[in-house]
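Worksheet for the structure shown next.
The values are calculated or read from the model by the stated rules, or taken from the named source; none is laboratory data. Note that this is a predicted model, so its numbers are computed, not measured. Glycine gets a Cβ as well: all are built from the backbone with ideal geometry, and neighbour counts include every protein chain shown.
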């Protein structure tokens, strides 16, 4: 500091000397006495001291905040440790659960980016993800609010995917004069098989009351793939066998619910169903 003061003093004297040499007339207000110079220098020193004191105070406050933050962090960790102990899991278990949910979210986001028709074809993937999510809800980690919120968000994504999917995969055909179901079914761009006329009839039961009576300009849906609650009858099927399938109801005794949902196309005899019929499958 003494060296600084000395340097400042020399510089000031040189400056004053230069001013005197440059002009014979120096206004009184432009002169600085040694006392004024010392007073100004003292102001600078005082400001520097105050700034250093303020920096020291801020450093002390920062250290105090760091200490408080560390204490709060320790308290938080202790609280979570108590919560994990109460529900009988470890932090590693919770992290693994969180990562599994994140993996499901990535898969659902990827499905959300594809076209509705392609999404329909991959609907079993959505079923599997929904089943996995339901299984994860049975885990005791699910009681944590973070996980409940995350699961709720994923359930919302699944609902959006299902809403995006078409209810079934079908084409449309407009009836022309002279058509009948056998003839339509035989066409190469329909099924190429007249015996599949029952497929058209059962899939359009809402507008075909009598399979022998169809009318020009009616627009029929030509079934291509099963929707989420549809079943295409195959050779050797019966209602009990269909109901017992794990992909349908998983219980052969529930055959009557299928019959009641399709009585208009099955008729009064539940034992008589035919290949190519499209049946509606009621929800469990």
Where residue 189 falls short, out of the listed (1) at pLDDT below 95; (2) surrounded by 13 or more Cβ atoms within 10 Å (Cβ to Cβ); (3) more than 30 Å from residue 159 (Cα to Cα)
(2)
Do the conditions hold for residue 3, that is, is it loosely packed, with under 10 Cβ neighbours inside 10 Å, modelled with pLDDT of 75 or more and at negative phi?
no
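Let's see how each residue does on (1) surrounded by 15 or more Cβ atoms within 10 Å (Cβ to Cβ); (2) within 17 Å of the chain's Cα centre (by Cα):
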| site | (1), (2) |
| --- | --- |
| 117 | no, no |
| 121 | no, no |
| 124 | no, no |
| 135 | no, no |
| 143 | no, no |
| 153 | no, yes |
| 158 | yes, yes |
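Which residues, taken from segment 194-207, are assigned to a loop (DSSP other than H, G, I, E, B) and surrounded by fewer than 20 Cβ atoms within 10 Å (Cβ to Cβ)?
205, 206, 207
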